[in-house]
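S.K.: Can you read through this structure? Questions will come right after.
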2 protein chains.
Amino acid sequence: MGSESTFTAQKRISSGLPTTAAAANGVRGRAASVIPRGRQIQKTFNNIKITILCGFVTILVLREAEAENQHLIEETNRILAEIRSDKDPTDPDDPTEEFLNPNVTYTLGPRISTWDEDRKVWLQKNPEFPNYVNGKPRILLVTGSPPNPCDNAIGDHYLLKAIKNKIDYCRIHGIETVYNMAHLDTEMAGYWAKLPLLRRLMLSHPEVEWVWWMDSDALFTDMVFEIPVSKYNDYNMVIHGYPDLLFDQKSWIALNTGSFLFRNCQWSLDLLDAWAPMGPKGLIREEAGKILTANLKGRPAFEADDQSALIYLLISQKDQWMDKVFVENSYYLHGYWAGLVDRYEEMIEKYHPGLGDERWPFVTHFVGCKPCGSYGDYPVERCLKSMERAFNFADNQVLNLYGFRHRGLVSPNIKRIRNDTVTPLVNVDHFDIRHSVHLSSGSRS
Amino acid sequence: MGSESTFTAQKRISSGLPTTAAAANGVRGRAASVIPRGRQIQKTFNNIKITILCGFVTILVLREAEAENQHLIEETNRILAEIRSDKDPTDPDDPTEEFLNPNVTYTLGPRISTWDEDRKVWLQKNPEFPNYVNGKPRILLVTGSPPNPCDNAIGDHYLLKAIKNKIDYCRIHGIETVYNMAHLDTEMAGYWAKLPLLRRLMLSHPEVEWVWWMDSDALFTDMVFEIPVSKYNDYNMVIHGYPDLLFDQKSWIALNTGSFLFRNCQWSLDLLDAWAPMGPKGLIREEAGKILTANLKGRPAFEADDQSALIYLLISQKDQWMDKVFVENSYYLHGYWAGLVDRYEEMIEKYHPGLGDERWPFVTHFVGCKPCGSYGDYPVERCLKSMERAFNFADNQVLNLYGFRHRGLVSPNIKRIRNDTVTPLVNVDHFDIRHSVHLSSGSRS
């Protein structure tokens with residue numbers, strides 16, 4: 001496009017400027033329109049010279065403009081990087097890039113073997129911090145994102161909306177929230193970061209009965225549904241997946257670690273310890289990735305991820321772990337977004353919140369969209385639109401108490417659905433989810 | 001810089017290319033170094049022609065490059081705008097831009113006059129939703145931001161960090177949180193949006209005793225300090241400010257509406273109703289702004305803002321309201337950032353969390369930084385660096401329980417401050433803020 005303009009410009013300008021040859025040839029007195037052949041050839045060569053010159057100039061100027069824009073972007077990043085690069089002068093430990101020696105077995109921490117007894121004693125001594133409140137076990141929802149701004153500017157906006165979504169669900173259901181933005185263990189960076197985090201939170205919050213990890217790209221879309229915790233009285237881990245995919249097909253997507261629960265107990269600490277060894281970044285993680293790709297169906301070749309590693313662990317050590325793992329698929333503890341987001345209008349028409357399953361998914365999980373990073377697996381427009389829809393589908397359920405809903409599933413604007421009233425408490429009784437008769441305990445209705 | 005390169009390029013290229021005039025003049029057989037005067041003038045004019053041509057080309061190409069970058073930005077915004085512009089085909093109410101008729105008095109909603117009695121009856125009927133829990137009144141923290149991405153990309157990242165900061169404080173102190181991203185009343189856009197929101201939340205959450213509004217650019221920096229609620233048993237509003245600035249000087253910054261509490265009661269509904277009339281956007285807000293500028297010391301000329309309007313209201317109707325308003329300055333319910341952020345290291349050295357005042361500020365409020373918008377009142381670098389410091393200063397107090405702190409007040413990286421242990425409960429007893437003896441009730445220690 002730049003080149004066209006250049007040539008267009010040349011033509012326009014050439015025709016506008018006076019023929020300097022004619023002006024200079026005032027001495028010869030010839031009319032501008034009668035030009036000798038030698039002169040014509042000379043003019044042609046001059047025009048070629050101009051064209052080549054301008055071509056070079058165009059290239060140089062384009063590079064300058066690109067460099068200037070790049071400079072602006074770099075300047076902003078420089079400000080941030082400079083701010084964050086200040087080292088603590090009293091800190092002798094320089095956080096240089098080191099990879100764990102493959103000959104040293106990685107551990108999440110010193111081995112604890114008496115957690116159940118220790119925790120039980122602590123709970124007895126601290127009755128003001130019970131692990132059950134109003135008959136319900138105390139749940140801690142854990143999520144997070146890296147400490148730096150997203151590569152893609154829009155990513156932070158969707159992280160913000162996703163945490164608002166989780167705040168709403170947790171407020172309605174009396175669940176505590178931790179939003180982590182720190183790397184507790186630089187060996188276990190990326191998706192592995194949840195392992196040291198989960199361990200640390202269990203050990204620091206003995207009053208918590210269940211720790212629930214949820215990815216930052218997963219949204220609650222059923223604001224009424226509650227996890228049927230009594231179903232899991234004899235289990236220590238609840239994870240969405242399919243047993244046949246797990247044990248028969250050994251598929252690398254048999255389970256989803258984007259949303260799962262761990263009971264705060266010795267068994268969970270042991271599982272985390274057994275799960276962790278494939279995680280340390282560098283050679284260990286790369287080599288582990290090869291093992292996983294070789295053993296799990298459909299797994300592409302890449303470094304070990306926590307989900308594949310867990311699947312491999314549970315397959316390999318089935319007898320040791322599976323009696324305490326509940327592989328749940330009667331509701332969408334994790335709901336893969338692509339099959340759900342286009343059906344929200346149909347759901348609104350036919351069903352109601354509280355079902356948690358394919359009729360009204362508990363969680364819609366935007367696997368592969370990666371709004372925070374540079375390279376998602378799906379077109380950006382499709383992901384953004386779908387995330388907007390899921391967010392608003394959920395937000396409508398929250399706004400219902402206040403008498404509003406979104407104008408459309410892709411609209412940030414809201415409108416009244418109930419007139420304001422001088423007796424607002426009638427609406428509270430009717431519409432507050434916590435009072436709602438739809439509070440599900442896993443039963444289909 | 002572009003122009004220099006252009007001319008440098010011209011010189012470099014001109015000296016490299018063969019003199020086509022000499023080549024074309026092979027007919028005449030003259031040597032290139034002996035050039036007649038007429039020819040020299042002609043060459044000069046040709047060079048001028050080339051220079052002008054290239055100048056035009058430079059301008060055109062620069063505009064092309066700029067247009068291309070602008071196109072990329074616009075494309076991203078287009079995707080988002082397109083996604084969000086879909087209207088609900090069943091919605092006849094087109095949200096067009098309308099300003100309230102100045103002859104019609106704006107109201108937040110139908111007048112409610114029996115809220116205290118209605119709420120009391122409701123609480124009696126709903127003992128499972130008490131307004132006091134473990135002897136403490138139930139508090140709802142309300143904050144929020146507009147539904148669209150920030151003008152400035154970094155803004156969403158700081159909104160995210162700010163809500164994480166609030167989540168941490170609220171989890172530690174058993175406070176519920178609402179993060180609002182919806183315009184409940186388009187008349188009351190901008191800073192006025194909190195008024196309809198506060199009314200709606202009071203009426204929809206009768207179980208809440210205090211509603212606490214906090215700006216998105218305010219951070220908790222004392223994770224131990226608690227609001228001394230018993231101090232306010234006889235009051236219905238708690239706001240940071242200075243009585244002499246308010247009544248003697250009538251200063252437009254005598255109070256700060258970036259962080260204040262309303263008791264959920266009839267008096268608060270009445271105050272909101274009295275406060276609202278200057279808010280409706282357009283002519284009303286503009287005219288009201290002139291009144292405020294004329295009457296409040298130091299106020300620049302701009303449309304009515306909620307803070308100035310409240311100050312004006314409380315000055316004008318002092319006898320009606322002030323007996324129930326506590327103007328608090330014994331701790332930093334709102335702490336203006338510029339005087340605080342450079343002293344964090346000194347505070348760490350000399351003091352401890354739990355004080356809430358100038359020694360260890362409860363809240364650090366980044367008034368004027370506006371990271372979400374395009375035009376702040378302070379240099380960007382200063383604001384970003386200061387917000388990082390405040391965030392990490394607070395985060396250190398949260399990470400303390402887990403055995404970590406930031407490597408420096410501007411570093412996103414953390415490091416261990418305690419070795420991991422097989423007896424983690426000892427650390428819980430010692431470091432969990434909720435167990436801490438420092439839990440303040442407003443007393444200086």
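S.K.: Please give the average number of partner chain Cβ atoms lying within 10 Å of the Cβ of each residue in A:176-188, rounded to a whole number.
M.R.: 5
S.K.: While we're here: Name the long-range amide H neighbours of residue B:328: under 5 Å, sequence gap of 5 or more, or other chain; modelled H, no Pro or chain starts.
M.R.: Here the answer is B:239, B:240, B:241, since their amide H atoms fall under 5 Å of that of residue B:328.
S.K.: In peptide A:419-427, what is the residue-averaged number of other protein chain Cβ atoms found within 10 Å of each Cβ?
M.R.: What the average comes to for A:419-427 is 6.
S.K.: With label points built 7 Å along Cα→Cβ from the Cα atoms of residue B:248 and residue A:231, find their separation and express it in nm.
M.R.: 6.7 nm
S.K.: With the label 7 angstrom out along Cα to Cβ, how close does residue B:429 come to the same site in each of the other copies, in nm, nearest first?
M.R.: Its label point is 4.9 nm from the equivalent points in the other copies.
S.K.: Of A:196, A:214, A:157, which is farthest along the charge dipole of segment A:154-224 in the positive direction, counting Lys and Arg as +1 and Asp and Glu as -1 at C-beta?
M.R.: The listed residue farthest towards the positive side: A:157.
S.K.: Using θ = phi - 60° and the Karplus relation 6.51 cos²θ - 1.76 cosθ + 1.60, list the HN-Hα couplings for segment B:262-273 in order, rounded to whole Hz, with x at every Gly or Pro.
M.R.: Computed from phi, the couplings for segment B:262-273 are 10, 6, 7, 7, 4, 4, 5, 4, 5, 5, 4, 5 Hz.
S.K.: Evaluate 2.2 N^0.38 Å with N set to the residue count of segment B:251-314, then give the Cα radius of gyration divided by it.
M.R.: Against the compact-globule rule of thumb, the ratio is 1.12.
S.K.: Evaluate the distance, in nm, between pseudo-label points positioned 7 Å from the Cα of residue A:43 and of residue A:114 along their respective Cα→Cβ axes.
M.R.: Between residue A:43 and residue A:114, the simple spin-label model gives 10.3 nm.
S.K.: Okay, moving on. Calculate the mean, over all residues of peptide B:385-397, of how many other protein chain Cβ atoms lie within 10 angstrom of the residue's Cβ.
M.R.: 2
S.K.: Separate question: Using a label point 7 Å beyond Cα on the Cα-Cβ vector, give me the inter-copy distances for residue B:320 in nanometres, one decimal, shortest first.
M.R.: Inter-copy label distances (nm, one decimal, shortest first): 7.4.
S.K.: Under 16 Å from the Cα of residue A:43, which lysines turn up, not counting those fewer than eight places away in the same chain?
M.R.: Straight-distance partners of residue A:43: A:11, B:43, B:49.
S.K.: Oh, and also: Treating only the Cβ atoms of Lys and Arg (+1) and Asp and Glu (-1) as charged, compute the dipole magnitude of segment B:114-244 about its Cα centre; round to the nearest 20 debye.
M.R.: With only Lys, Arg, Asp and Glu charged at Cβ, the dipole is about 320 debye.
S.K.: Taking R0 as 51 Å, what's the FRET efficiency between residue A:317 and residue B:343 from their Cβ-Cβ distance, rounded to 0.05?
M.R.: It comes to 0.40.
S.K.: Please say if segment B:265-413 is rounded, prolate or oblate, where rounded means a/c under 1.5 for a ≥ b ≥ c the square roots of the C-alpha gyration tensor eigenvalues, and otherwise the choice is prolate for a/b larger than b/c and oblate otherwise?
M.R.: Since a/c reaches 1.5 and a/b is larger than b/c, the shape of segment B:265-413 is classed as prolate.
S.K.: Another one. Which of A:310, A:159, A:409 comes first, and how do the rest follow, when ranked by fewest Cβ neighbours within 10 Å?
M.R.: The order, fewest Cβ neighbours first, is A:409, A:310, A:159.
S.K.: May I ask for the distance between the Cα centers of segment B:322-398 and segment A:150-178, given as a whole number of Å?
M.R.: 24 Å
S.K.: Check the straight Cα-Cα distances from residue A:161 and name the lysines below 20 Å, setting aside those fewer than 8 residues away within the same chain.
M.R.: Within the straight-line limit of under 20 Å, residue A:161 reaches these lysines: A:370, A:385, A:415, B:161, B:164, B:166, B:194, B:370.
S.K.: Output ³J(HN,Hα) for segment B:120-134: one whole-Hz value per residue in order, computed from phi by the Karplus curve 6.51 cos²θ - 1.76 cosθ + 1.60 with θ = phi - 60°, and x for Gly and Pro.
M.R.: 4, 4, 4, 4, 5, 6, 10, x, 7, 10, x, 8, 10, 10, 6
S.K.: Taking H as built 1.01 Å from N, whose amide H comes closer than 5 Å to the amide H of residue B:404, not counting residues under 5 places away?
M.R.: Distant-sequence amide H within range of residue B:404: B:417.
S.K.: Now a separate question. Excluding same-chain residues fewer than 8 positions from residue A:297, which lysines have a Cα within less than 21 Å of its Cα?
M.R.: A:250, A:318
S.K.: Another one. Quick one: net charge of residue A:133's neighbours, Cβ under 13 Å, K/R +1, D/E -1?
M.R.: Counting the neighbours of residue A:133, the net charge comes to -3.
S.K.: On to the next question. List the residues, sorted by chain then number, that are 5 or more residues from residue B:177 or on another chain and whose placed amide H is less than 5 Å from its amide H.
M.R.: For residue B:177, whose amide H was placed from the backbone, the distant partners under 5 Å are B:141.
S.K.: Can you work out the Karplus-derived ³J(HN,Hα) for every residue in segment B:353-364? Use 6.51 cos²θ - 1.76 cosθ + 1.60 with θ = phi - 60°, whole Hz, and x for glycine or proline.
M.R.: Karplus values, whole Hz, x for Gly and Pro: x, x, 8, x, 10, 5, 7, 7, x, 4, 10, 10.
S.K.: Suppose R0 equals 41 Å; then what is the FRET efficiency for residue B:350 and residue A:124 from their Cβ-Cβ distance, rounded to the nearest 0.05?
M.R.: So, using R0 = 41 Å, E works out to roughly 0.55.
S.K.: Kindly give the distances from residue A:113 to its copy-mates, label point to label point, with each label point 7 Å from Cα along Cα→Cβ, as nm values to one decimal ordered shortest first.
M.R.: Distances between equivalent label points, in nm: 7.5.
S.K.: Give the peptides B:138-149, B:122-133 in descending order of average Cβ contacts within 10 Å, highest first.
M.R.: Descending packing order for the listed peptides: B:138-149, B:122-133.
Bear in mind that the values in this text are calculations on the coordinates, not laboratory data. Bear in mind that the values here come from a model prediction, so they are computed numbers and not experimental data. Cβ: placed from backbone, ideal geometry, glycine included. Neighbour counts: every protein chain shown.
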